[in-house]
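Single-structure report; data block below.
The values are calculated or read from the model by the stated rules, or taken from the named source; none is laboratory data. Bear in mind the structure is a predicted one, so any value in this text is a computation, not a measurement. Quick reminder, even Gly has a Cβ in these numbers, built from the backbone with ideal geometry, and neighbours come from all protein chains shown. Surface areas here come from the heavy atoms of the whole protein model, side chains and all, with no ligands, DNA or RNA. Shrake-Rupley method; radii C 1.70, N 1.55, O 1.52, S 1.80 Å.
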Amino acid sequence: MLGIPLATLSVLWAGAFLGALAAGGAGFAFALAASAIWLHAIDPIQTTALIVACGSLLHVTLVWPIRRSIDGGRLAPFLIGALVGVPLGVMVLTAMNPSPLKLALGLGMAAYATYALLAPRLPVLTGGGHFANAGIGFVGGILGGLGGYSGVVPTIWTQLRGWPKEVARGVYQPFILFAHIVTLAAVGVVGIDGRSWLLIGLALPPLALGAFLGLKIYGRLDERKFKQMLSLMILLSGLALIF
């Protein structure tokens with residue numbers, strides 16, 4: 001199809017579908033789930049372009065159904081932190097090998113998720129206020145600029161804050177969208193060539209199907225099952241970064 005081998009198309013569609021399914025159900029993990037598959041057949045530069053462009057389109061559609069859960073006052077500190085963090089993440093990506101940072105991130109995510117799955121109750125952190133939230137946004141922004149992983153730390157933070165699932169998604173999902181847009185402005189559009197645009201267009205149908213099914217799954221989850229699913233997604237995402 002359009003000069004792209006069938007094996008590459010299969011990898012493209014599988015990554016788009018599974019990434020969108022994860023994002024639709026949990027609200028994050030698109031970048032981690034999709035890139036774990038895409039990197040088997042698509043080069044890293046085009047994979048990054050796919051993550052940022054497809055992730056932006058995906059989260060535009062996923063944010064709309066939860067728009068009433070978005071509290072601008074709660075969200076703003078995270079976004080301010082991301083404005084500073086994303087350019088720093090892009091600088092790190094272009095100036096050094098990000099593999100050690102990704103390994104450290106994967107180990108931390110796997111350790112946290114294992115604890116979250118096994119612990120009877122997670123601790124609830126109430127201190128820090130807007131300053132702590134801005135710090136989390138800053139770290140998430142760095143990881144977003146580093147490779148589209150902006151949602152990892154804010155998602156964990158919403159768990160530790162003890163926020164209900166609607167409140168949590170009302171923070172980290174628009175945050176991911178914002179971080180993707182800032183990353184696109186910083187580096188993404190420049191790095192997207194003609195082949196990348198073609199791959200992005202071909203990824204749209206499985207992207208839409210995965211998001212639709214993921215939202216259906218989300219609607220059937222109560223608070224306990226949603227938090228368990230988040231922890232499982234964090235664990236799988238951490239393992240994908242390690243291996």
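Placing Thr155, Thr126, Thr61 in order of accessible area, with the largest value first and a 1.4 Å probe, yields Thr126, Thr61, Thr155.
With helices as the sole contributors, the chain gives -26500 deg cm²/dmol at 222 nm; each DSSP H run of n ≥ 4 counts as -39500 (n - 2.57), and the sum is divided by every residue. By how many degrees, 0 to 90 and rounded to 10, does the Cα axis of helix 194-219 deviate from the longest principal axis of the chain? So the helix axis and the longest Cα principal axis differ by about 40 degrees.
The apolar share of the surface of segment 1-83, taken as the fraction of accessible area on carbon and sulfur atoms (1.4 Å probe, ligands and nucleic acids excluded), comes to 72 percent. Accessible area of Ile51 (1.4 Å probe, protein heavy atoms only, ligands and nucleic acids ignored): about 10 Å².
Taking all protein chains as shown and a probe of 1.4 angstrom, Leu209 keeps an accessible surface of around 90 Å².
What Kirkwood hydrodynamic radius do you get for the chain when you take the inverse of the mean 1/r over all pairs of distinct Cα atoms, in Å? After inverting the mean inverse Cα-Cα distance, the result is 17.7 Å. Accessible surface for the chain, divided over its residues, is 45 Å² per residue with a 1.4 Å probe. Only protein heavy atoms count here; on that basis, with a 1.4 Å probe, Met229 has an accessible area of about 40 Å².
Taking every Cα-Cα distance in segment 1-139 and sorting them into 10 Å bins starting at zero, the pair-distance distribution P(r) comes out as 10, 28, 40, 18, 3, 0 percent.
Considering Cα pairs under 8 angstrom that are at least six residues apart, work out the relative contact order of the chain and quote it in whole percent. Numbers along the way, then the final one.
Numbers: 380 pairs, mean separation 95.9, N = 243.
After rounding, I find 39 percent.
At what distance in angstrom do the alpha carbon centres of segment 83-103 and segment 7-22 lie from each other? For segment 83-103 versus segment 7-22, the Cα centre distance is 25 Å. Phi-derived couplings, Karplus 6.51 cos²θ - 1.76 cosθ + 1.60 at θ = phi - 60°, listed residue by residue for segment 120-132: x, 8, 7, x, 10, 9, 10, x, x, x, 5, 5, 5 Hz, with x used for Gly and Pro. Relative to the longest principal axis of the Cα atoms of the chain, the long axis of helix 99-118 makes an angle of roughly 50 degrees.
Relative to the longest principal axis of the Cα atoms of the chain, the long axis of helix 223-242 lies at roughly 50 degrees. Within the same chain, aspartates and glutamates fewer than 8 places from Lys165 are excluded, and of the rest, those with a Cα less than 19 Å from its Cα are Asp71, Asp222, Glu223. Taking the chain as a Gaussian network, where each spring joins two C-alpha atoms under 10 Å apart, which residue of Phe138, Phe78, Phe226 fluctuates the most? Of Phe138, Phe78, Phe226, the most mobile in the Gaussian network model is Phe226.
Which distance in nm do the two modelled labels at Leu118 and Leu213 give, with both placed 7 Å along the Cα-to-Cβ direction? The two pseudo-label positions are separated by 3.2 nm.
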